[in-house]
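Scroll down for the structure; my scribbles are underneath it.
Since every read-out is calculated from the coordinates, none of them should be taken as a lab result. Note that this is a predicted model, so its numbers are computed, not measured. We place every Cβ from the backbone using ideal geometry, glycine too, and count neighbours over all the protein chains shown.
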Amino acid sequence: MKLQDFHVEPADWSRTDQRSALLDLREVVFIREQGVPEQRERDGLDADCWHVLARDEAGQPIGCGRLTPQHKIGRMAVLPAWRGRGVGMALLRELVARARALGWPQVALDAQVGAIGFYERQGFTAFGDEFEDAGLPHRAMRLELPAAAGLREPPRDGIALPTGSRSEIAAARLLLLGDARHRLSIRLPLLESDCYASTEELAELRRIANSGRAAQIRILLHDAAAAQRDDHRLIALAQRLSSAIQIRTPVEEADLAYASACLLNDAGGYLFLPEADRVQGRASRLDRPAQVPLQQHFDEVWERSERASVLQSVDL
C-alpha cells in the first residue's frame, strides 16, 4: 500500500514560478478559505524567509511553509484535499530540520487554536494567553531543539549537509555513497561528466555493487544516449557490474519533465536537488522522515519506466 504520494522540497522566493506557487497556495487557504485580509497575509517578510513546497506526484503544489529570520515557522498551508495525509507533518519536519541545522536553540510559531494538537504531537509547547491574529484565535508555541538541550552531540537525524556549491554537493554525494550498505537509488535528468565519475565515487559504487546478494543500484537516467556518447565512467562500470547496477529511462511525459535529481541510500541518507542543473538543494546523512517521500516517488517512477534501450547493445 502506498504510504505517501507527495514530496517536500525547498522553494526559491526569487524565482517567479516558485513564488507564484507559494502565493497561490496561501491565497486558497488563508485569503479565500479563512478570510485573512490580503494585506495581512502579504507581510513583506517572504524575501528573507526560507520556504518549502510540497508537491504531488504530478509536481503540482499542495502545501507550503516558511522559516523567518526571527526563528519562527509560519504560513503553513495545505490544500483541503490533502489534509490528514501527512503533508503538514512533512513540511513542519523539514522546517524544524532547517532550524536545527542553522544552530538555532529553539523555533517558535503562532498556532491557530484548532491546530494546537497537531503541533503538540510534534513536540511543540504552547505558552502565554490566547490572542487574535487576522480575526482568528491563536496561541504562541515553541520547540526546544536538541542541540540546546545539553546534549554532548546533536543527533545526526535531520542535520543537513551543506549543498551551497558544486564542491559541497560533490562532498555530500561521496559521504552518502560511503554510508550506503547494499542499496542506492539515483535519479539524474542528465549525467554530467563530473557527476559520479571521480575515482572515489566509482570505488564506493563498486563496493556497493559487490556487497553481496542484496546489492542493488538503481539509476533513473533521462538521457542515457548522451551518457553513452560521452563514454561516462558510470556507464562503463554499469556494463561490468550489470547484475547489480540497473538503468531505466522514464517514458511518461510528466516524468521526463521532472527536473529534479536525487541520491538515496539504505542508511536513511539523501541528496535532493529540485533542479538538477542548479546549485540549490538539501541533503542529510540520516533523515528518514525526509527521505521516505523521495524514495516512494522514485519507486513509483521506476516501476513505470523502461530499461534504457539505447544501452542494450552493451548488455546493460
Open item on the list: Angle check, please: helix 199-209 long axis (alpha carbons) against the longest principal axis of the chain (alpha carbons), in degrees 0 to 90, nearest 10.
Closed with: 90 degrees
Open item on the list: Run lengths n ≥ 4 of DSSP H only: what is the helix-derived mean residue ellipticity at 222 nm for the chain, with -39500 (n - 2.57) per run over all residues, to the nearest 500?
Closed with: -8500 deg cm²/dmol
Task: Hull shadow area, averaged, the chain [alpha-carbon convex hull, nm²] - done: 17.3 nm²
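Hey, what's the per residue convex hull volume over the C-alpha atoms of segment 81-143, in cubic angstrom? Before the final figure, lay out the partial values.
Values: hull volume 6.0 nm³, N = 63.
Output value, Cα hull per residue: 95 Å³.
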- [ ] Express the Stokes-Einstein translational diffusion coefficient of segment 29-106 in µm² s⁻¹, to the nearest whole number, given a Kirkwood radius over alpha-carbon pairs, 20 °C and a viscosity of 1.002 mPa s.
- [x] 160 µm²/s
Task: Diffusion coefficient, µm² s⁻¹, Stokes-Einstein with Kirkwood Rh over alpha-carbon pairs of segment 6-148 at 20 °C and 1.002 mPa s - done: 139 µm²/s
- [ ] At q = 0.09, 0.11, 0.19 Å⁻¹, what is the base-10 log of I(q)/I(0) for segment 166-314 according to the Debye formula with one equal point scatterer per Cα and no solvent? Please give it to two decimals.
- [x] -0.24, -0.36, -1.23
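What is the extension gain from ARG288 to ASP266, computed as 0.36 nm multiplied by their sequence separation minus the C-alpha to C-alpha distance, in nm to one decimal?
On the way: separation 22, 0.36 × 22 = 7.92 nm, distance 0.98 nm.
Once the chain is fully extended between ARG288 and ASP266, it gains 6.9 nm.
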Task: Gyration tensor (Cα) of segment 231-316, equivalent ellipsoid semi-axes in angstrom - done: 24, 16, 13
Task: Spacing of the two label points (7 Å from each Cα toward its C-beta) at GLU303 and HIS71, in nm - done: 4.4 nm
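Let me check against my output: what whole-number percent is the relative contact order of the chain, with C-alpha pairs under 8 Å and at least 6 apart?
Details: 583 pairs, mean separation 51.6, N = 316.
This gives 16 percent for the chain.
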